[in-house]
Amino acid sequence: QVHLVESGGDLVQPGGSLRLSCAASGSTFTITDMAWYRQAPGKERELVAATKNGDATDYADSVKGRFTISRDKALDRLYLLMNNLKFEDTAVYYCNAHSYNTGWGRVEHWGQGTQVTVSS
């Protein structure tokens, strides 16, 4: 199986930057697409940014131009560079991955999340 661990969440002032990391372990060779989600208090979990195995990317409208998702397949790492952070970016950020092989089929994996708090 695949195990995901997020890191990098912190308290940051508006306009600041953070770089989130997701370390994947286990059967990482089975991973296809990966993504970052976030969930604010009282809100449903939403997609922030996604990257396919072919390196195509997709971003939520609220973060376009500010966030950058990248994946280092050689190191089994997924990153989210967040610039010009706003109060509304405050949330728990989750790493997500989809994997597939003929043995277990299609499986979705989640990390435990890392807290990002934007406050003055």
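The conditions of being open to solvent by 80 Å² or more (accessible area, probe 1.4 Å), closer than 21 Å to residue 8 by Cβ, outside any strand (DSSP E or B) and not acidic (Asp, Glu) are met by residue 120.
Once the stretch 73-97 is narrowed to residues that are open to solvent by less than 80 Å² (accessible area, probe 1.4 Å) and in contact with a helix residue (DSSP H, G or I) (Cβ under 9 Å, 6 or more places away or on another chain), the residue that is farthest from residue 5 (Cα to Cα) is 82. If you go through the stretch 44-61 and keep only what is open to solvent by 20 Å² or more (accessible area, probe 1.4 Å), of a type outside the set (A, V, I, L, M) and part of a strand (DSSP E or B), you end up with 46, 57, 58, 59.
Annotation: residue 9 fulfils all but one of (1) assigned to a strand (DSSP E or B); (2) in contact (Cβ under 8 Å) with a residue 24 or more places away in the chain; (3) touching a Ser or Thr at 6+ places or on another chain (Cβ under 8 Å); the unmet one is (1). Going through (1) outside any loop (DSSP other than H, G, I, E, B); (2) open to solvent by less than 30 Å² (accessible area, probe 1.4 Å) one by one, residue 70 falls short only on (2). Among the residues of the stretch 6-43, those that are open to solvent by 70 Å² or more (accessible area, probe 1.4 Å) and either touching a helix residue (DSSP H, G or I) at 6+ places or on another chain (Cβ under 6 Å) or not charged (D, E, K, R) (or both) comprise 11, 13, 29, 41, 42. Contact annotation: residue pairs with Cβ atoms under 8 Å, 6 or more positions apart or on different chains, pairing a residue in the stretch 59-75 that is closer than 19 Å to residue 24 by Cβ with a partner that is assigned to a loop (DSSP other than H, G, I, E, B), are 68/83; 71/55. Of all residues in the stretch 4-44, those satisfying the criterion of being among the charged types (D, E, K, R) and within 12 Å of the chain's Cα centre (by Cα) are 6, 19, 33, 38.
The values are calculated or read from the model by the stated rules, or taken from the named source; none is laboratory data. Note that this is a predicted model, so its numbers are computed, not measured. Virtual Cβ from ideal backbone geometry, glycine too; neighbours counted across all protein chains shown. Just the protein is used for accessible areas: all its heavy atoms, side chains included, with ligands, DNA and RNA removed. Shrake-Rupley method; radii C 1.70, N 1.55, O 1.52, S 1.80 Å.
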